Protein chains: 4
Amino acid sequence: MKIRVGYELIYDFPQPTPMIMVLGVHFTRASDVITPDHLTTTPSVPVTPYRDGFGNWCSRIVAPAGRMQLMADGLVRDSGRPDITALSAKQHNVEDLPADTLVYLLGSRYCETDQLSGAAWKLFEKTKPGWERVQAICDFVHDHITFGYEHARSTMTAFDVFNAGKGVCRDFAHLAIAFCRCMNIPARYCTGYLGDIGVPPPNAPMDFAGWFEAYLDGRWYTFDPRNNVPRIGRVLIAQGRDAADVPITLTFGPNTLVSFKVWTDEAL
Amino acid sequence: MKIRVGYELIYDFPQPTPMIMVLGVHFTRASDVITPDHLTTTPSVPVTPYRDGFGNWCSRIVAPAGRMQLMADGLVRDSGRPDITALSAKQHNVEDLPADTLVYLLGSRYCETDQLSGAAWKLFEKTKPGWERVQAICDFVHDHITFGYEHARSTMTAFDVFNAGKGVCRDFAHLAIAFCRCMNIPARYCTGYLGDIGVPPPNAPMDFAGWFEAYLDGRWYTFDPRNNVPRIGRVLIAQGRDAADVPITLTFGPNTLVSFKVWTDEAL
Amino acid sequence: MKIRVGYELIYDFPQPTPMIMVLGVHFTRASDVITPDHLTTTPSVPVTPYRDGFGNWCSRIVAPAGRMQLMADGLVRDSGRPDITALSAKQHNVEDLPADTLVYLLGSRYCETDQLSGAAWKLFEKTKPGWERVQAICDFVHDHITFGYEHARSTMTAFDVFNAGKGVCRDFAHLAIAFCRCMNIPARYCTGYLGDIGVPPPNAPMDFAGWFEAYLDGRWYTFDPRNNVPRIGRVLIAQGRDAADVPITLTFGPNTLVSFKVWTDEAL
Amino acid sequence: MKIRVGYELIYDFPQPTPMIMVLGVHFTRASDVITPDHLTTTPSVPVTPYRDGFGNWCSRIVAPAGRMQLMADGLVRDSGRPDITALSAKQHNVEDLPADTLVYLLGSRYCETDQLSGAAWKLFEKTKPGWERVQAICDFVHDHITFGYEHARSTMTAFDVFNAGKGVCRDFAHLAIAFCRCMNIPARYCTGYLGDIGVPPPNAPMDFAGWFEAYLDGRWYTFDPRNNVPRIGRVLIAQGRDAADVPITLTFGPNTLVSFKVWTDEAL
């Protein structure tokens, strides 16, 4: 299966403004890239790449005053297989976790493990450790939170969303991540493309998607509490502790987002 | 000058409990260690070290059920010189910052840059970029926040402390860090020992101290908005984005902290 | 200005042969791409991209036995401005260099800093640190080395070229890089397209060009000791420590290069 | 088994001199550390850590004019098991190698694959691909090269050592690495501690050891052409393409090495 992925973001800047972008297909998917989704800017400005502490390739630019379009359009090969289900995946004891997974047990900007620990244990202590527990967390989050783009708020944390009961896909992910960590399961945030392949219409307008991975039985498994069914055609962009680590874009100065389009469709 | 540093933490655990500890003089101060502050546990259990993504050496144990004492006592050489003041240290433009400092511009668990950006610009936009701006931030935090151990709360964030107007040293640091990041100055959290050398009594009971570093003019400088005067005898333990990255201890299970002592005194 | 860039490489392979290719306009120039220079192979075989440790997008194929043509033809926008001259760009002290530039001070396959350090200090110690020193290095290399395609040899190192006094553009670059590193100036190799825009005829047949960048005053500047004048129309393909890191092509098995054409011309 | 590891290096510097050090037990062995081998400097100077592109933790200092001692002394747990032998480990086809191993097929400072390719194929084409081939390379190198500290020369490459027929452990490793790469087997250089545990006296004075790893059958295996028998008690310090990537120390200025001691002994 081939998936066309891309975006067009248009900004107005009153003055020259530095930006960071965490965009572009993740290097672990590089071998699936048919046409690269290289970032283009209009007007054309120098792009400086760098690699963050999680291994994500990021980009820096200085946007000049005026209108700026960021765009990419790529073609990616995909297995066409849905997310893996591994019902028997075991939970590690904390003392057996690899050292480099421990950071994914700590609290982070949008995942206040300290605030949610009580609720997590109350809700999930009786569940069977491992896959079932993570699935129970996803089920709870899926059922407890009402989806709606009108609830999107950049400052919304897992604790906020738990209390408000509504949010967008990244909020679902943040709450489930926080719960997993509270239950001593390493969990990390993923941002990427996720289309409606195999999903009956009507389909919402596209956006970048947020899901998460939990570390069970020696590897990372994909979970998506927003959709809560195995999906086809995820294309990873970046991974981090939560959305604060992998901002799609981050602008260091005032600006207006004029237009925002994302696409991810099966290419025939 | 020689400084005696150490701690004794006593816990009661109802069941075997994994723990992470970010304790011990930072490896960059190894040259100054006269007597190492090795962690000892009573009862004796295996201590497994690991290195986190910031380079800090951390430790893991599984505490058995019952009472557990964690202790260390070391002797460290110190220059005896106060924190450096560099009034002419310039602020970098964002586009000129080294890539590995950019993570210290992002929001983190206790430093909600998104929540505080408006206040930061209102308060500090008129200040001169660079050292003066960071100092203005420290002055504001020092004056705005009332210190008091009774205000300590593990979930308290920079935004909380800004609103509450009271906190402990780590809260002072978190608020100043958040403001620095809002003003596009990379800032990172430091945990360590800081005694009352040169400070007239009465002195409070010792605790681990929290301060921060700001990246100006090509290097990291120490700032301490809690004390807000150059101090003598800081002994670094760990660095991270905020206190969530460098927990003194983190216990994965219920427990009671029975006793908590920290010392850091000039040794004659 | 628009520049047409491309190549046609024809090989004969006696048996199926894996190949690595570091070809294609660098992703940081994606905004300038009007018509992408997609690699096409005849016969058509799967092309698998990957990303190397420097961020360059590379490609892998398995060439079948027989004749194989690799081709690309693209159109790229260019500022039409010559390479930047920054006479006042300062040299950093080694202790002030960003950590990610330090690797560009080390010796590498074609840049034996250990062999050339004595000569470098003798030749350039009296020059003014910074831009002037790098320019002095370029001037020396430009004057000391006789250009000639007949001198091209894939095993030729900076030390070889220093002794032989002749080479091709990549040899010029390697020697200048080695000298810069000996003088504690980070320097990295660049491969790309460079046409004869603004250069009076007669012009040599086109080839991929090699130049370098030196890290001065907080950024990377372009230097080209082969031509040693600011040029118009460089189109970067890849960056690395030296040419060993960014081989145009690398074949894992015997083969005959039947034909080799490169073009880079102003498009009207 | 416990191994005491450490070193004492003493330098005289005529002027303040920046240094890079790649010393200290590798982070992948952190969990085996009983007493950390933290670097100490006398006189005490600030130590700045950074992480290189291979993940090794490195250190930077500025040594003041005069005498400088670098020292460490640590205790490390070890399995006590000899290097793994996996006679059936298969060689990957180049097209099946993971992308991040490809860099270890390229030439590097001390491993001139281009110069040695002819010899490699002549010598090893008839050997069975996989473990046997790497072992045949090690056997050849072990037999062909005469060991002797008097042959140590910092500029000596694999091609030099092949021609000279003598060298030290890093030269053995470089030649075997170059041959492996010529035969399309990814190979990387390792530096670390290796004592004489289980080796009958007389034993040579200790030094840091150089060995290498070859990528076979989906993982990296240890090979040591200098000793060419499975050994007990290796303690890895750093990995890279060759010794140029992982200099024990690198000084940016003139200096005299006054004393050099390394120890690695079984601790009882």
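C:Gly53 passes every criterion in (1) within 11 Å of chain D (Cβ to nearest Cβ); (2) over 18 Å from the mean Cα position of the chain (by Cα) apart from (2). When you scan the stretch A:128-143, do you find a residue that is within 14 Å of another protein chain (Cβ to nearest Cβ), surrounded by fewer than 18 Cβ atoms within 10 Å (Cβ to Cβ) and at pLDDT 95 or above, even just one? Yes. Could you tell me whether the stretch C:37-54 includes any residue that is modelled with pLDDT under 95, among the small types (Gly, Ala, Ser) and under 30 Å from D:Phe159 (Cα atoms)? Yes, the stretch C:37-54 contains a residue that is modelled with pLDDT under 95, among the small types (Gly, Ala, Ser) and under 30 Å from D:Phe159 (Cα atoms). Criterion first (assigned to a helix (DSSP H, G or I), in contact with a Leu (Cβ under 9 Å, 6 or more places away or on another chain) and within 12 Å of chain B (Cβ to nearest Cβ)) does A:Phe159 satisfy it? Taking the combined requirement at face value, the residue satisfies it.
Looking at A:Lys126, is it of a type outside the set (Asp, Glu) and within 24 Å of A:Pro247 (Cβ to Cβ)? Answer is no for this residue.
Identify all residues within the stretch B:213-224 that are surrounded by 20 or more Cβ atoms within 10 Å (Cβ to Cβ) and in contact with a strand residue (DSSP E or B) (Cβ under 8 Å, 6 or more places away or on another chain); write none if there are none.
Listed by number, the residues that qualify are B:Glu213, B:Ala214, B:Tyr215, B:Phe223, B:Asp224.
Pairs meeting the criteria (first residue in the stretch B:103-124 and more than 10 Å from chain A (Cβ to nearest Cβ) and touching a residue at least 24 places away in the same chain (Cβ under 8 Å), second residue surrounded by 22 or more Cβ atoms within 10 Å (Cβ to Cβ) and part of a loop (DSSP other than H, G, I, E, B), beta carbons under 6 Å, at least 6 apart or on different chains) are B:Tyr104/B:Pro186; B:Ala120/B:Met183; B:Phe124/B:Met183. Between residues in the stretch A:152-163 that are in contact (Cβ under 8 Å) with a residue 40 or more places away in the chain and surrounded by 14 or more Cβ atoms within 10 Å (Cβ to Cβ) and residues that are in a helix (DSSP H, G or I) and of a type in the set (Asp, Glu), which pairs lie under 7 Å by C-beta distance while being six or more apart or on different chains? Once the first residue is in contact (Cβ under 8 Å) with a residue 40 or more places away in the chain and surrounded by 14 or more Cβ atoms within 10 Å (Cβ to Cβ) and sits in the stretch A:152-163, its partners that are in a helix (DSSP H, G or I) and of a type in the set (Asp, Glu) give A:Met156/A:Asp171.
Conditions (1) more than 11 Å from D:Tyr189 (Cα to Cα); (2) within 14 Å of chain C (Cβ to nearest Cβ); (3) in contact (Cβ under 8 Å) with a residue 12 or more places away in the chain; (4) touching a helix residue (DSSP H, G or I) at 6+ places or on another chain (Cβ under 8 Å), marked per residue:
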residue	(1), (2), (3), (4)
D:Pro225	yes, no, yes, yes
D:Arg234	yes, no, yes, no
D:Ala238	no, yes, yes, no
D:Ala244	no, yes, yes, no
D:Ile248	yes, yes, yes, no
D:Thr251	yes, yes, yes, no
D:Pro254	yes, yes, yes, no
D:Thr264	yes, no, yes, no
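Within the set C:Ala120, C:Ala176, C:Ala158, the sole residue that is among the aliphatic types (A, V, I, L, M), in the same structural domain as C:Ala214 (by TED's automatic domain parsing) and touching a Pro at 6+ places or on another chain (Cβ under 8 Å) turns out to be C:Ala176. Among the residues that make up the stretch A:192-205, is at least one of them within 20 Å of A:Val76 (Cβ to Cβ), surrounded by fewer than 23 Cβ atoms within 10 Å (Cβ to Cβ), in contact (Cβ under 8 Å) with a residue 40 or more places away in the chain and in contact with a Leu (Cβ under 8 Å, 6 or more places away or on another chain)? Scanning the stretch A:192-205, I find at least one residue that is within 20 Å of A:Val76 (Cβ to Cβ), surrounded by fewer than 23 Cβ atoms within 10 Å (Cβ to Cβ), in contact (Cβ under 8 Å) with a residue 40 or more places away in the chain and in contact with a Leu (Cβ under 8 Å, 6 or more places away or on another chain), so the answer is yes.
Can you pull out every residue in the stretch B:116-127 that is closer than 21 Å to B:Ser154 by Cβ and surrounded by fewer than 21 Cβ atoms within 10 Å (Cβ to Cβ)?
Restricting attention to the stretch B:116-127, the residues satisfying the condition of being closer than 21 Å to B:Ser154 by Cβ are B:116.
The answer is none; no residue qualifies.
Entry remark, the stretch C:203-222: residues being farther than 21 Å from C:Glu95 by Cβ and of a type in the set (A, V, I, L, M, F, W, C) number 6 in total. Would the stretch C:182-198 turn up any residue that is closer than 28 Å to C:Tyr11 by Cα, over 14 Å from the mean Cα position of the chain (by Cα) and not assigned by TED's automatic domain parsing to the domain that holds C:Pro16? Within the stretch C:182-198, one or more residues are closer than 28 Å to C:Tyr11 by Cα, over 14 Å from the mean Cα position of the chain (by Cα) and not assigned by TED's automatic domain parsing to the domain that holds C:Pro16. Listed conditions (1) farther than 25 Å from C:Ile3 by Cα; (2) modelled with pLDDT of 95 or more; (3) not aliphatic (A, V, I, L, M) are all met by C:Gln69, apart from (1).
So, in the stretch A:34-47, of the ones that are within 23 Å of the chain's Cα centre (by Cα) and at the interface with chain C (Cβ under 7 Å from one of its Cβ atoms), which residue ends up surrounded by the most Cβ atoms within 10 Å (Cβ to Cβ)? It comes out as A:His38.
Mind listing whichever residues of the stretch D:22-33 are of a type outside the set (D, E, K, R) and either modelled with pLDDT of 90 or more or in a loop (DSSP other than H, G, I, E, B) (or both)?
Result: D:Val22, D:Leu23, D:Gly24, D:Val25, D:His26, D:Val33.
Wholly within the stretch A:193-268, which strands (runs of 3 or more DSSP E) include no fewer than the required count, namely at least 1 residues that are among the aliphatic types (A, V, I, L, M) and under 16 Å from A:Val25 (Cα atoms)?
On the way: elements: A:209-216, A:219-223, A:234-240, A:249-251, A:256-267.
Hits in the stretch A:193-268: A:209-216, A:234-240, A:256-267.
In the stretch D:22-29, the count of residues that are within 13 Å of chain B (Cβ to nearest Cβ), touching a helix residue (DSSP H, G or I) at 6+ places or on another chain (Cβ under 9 Å) and under 21 Å from B:Asp100 (Cα atoms) is one or more.
Looking only at residues in the stretch C:63-101 that are within 11 Å of chain D (Cβ to nearest Cβ) and surrounded by fewer than 19 Cβ atoms within 10 Å (Cβ to Cβ), which one is nearest to A:Trp57 (Cα to Cα)? Don't jump to the end; show me each part of the working.
Taking the stretch C:63-101 as the starting set, the residues that turn out to be within 11 Å of chain D (Cβ to nearest Cβ) are C:63, C:92-101.
The next check asks that each one be surrounded by fewer than 19 Cβ atoms within 10 Å (Cβ to Cβ); those that pass are C:93, C:95-96, C:98-101.
On the way: C:Asn93: 28, C:Glu95: 26, C:Asp96: 24, C:Pro98: 18, C:Ala99: 17, C:Asp100: 14, C:Thr101: 17 Å.
Going through the qualifying residues, I end up with C:Asp100.
Of all residues in the stretch C:88-123, how many are of a type in the set (Phe, Trp, Tyr) and over 17 Å from D:Ala244 (Cβ atoms)? Write out each step before concluding.
Residues of the stretch C:88-123 that are of a type in the set (Phe, Trp, Tyr), as a first pass: C:104, C:110, C:121.
Of the ones still in play, those that are also over 17 Å from D:Ala244 (Cβ atoms) are C:121.
Residues flagged as of a type in the set (Phe, Trp, Tyr) and over 17 Å from D:Ala244 (Cβ atoms) within the stretch C:88-123 amount to 1.
The values are calculated or read from the model by the stated rules, or taken from the named source; none is laboratory data. Computed from a prediction, not measured in an experiment: that's the story for all the values here. Please note: Cβ atoms are built from the backbone with ideal geometry, for glycine as well, and neighbour counts cover all protein chains shown.
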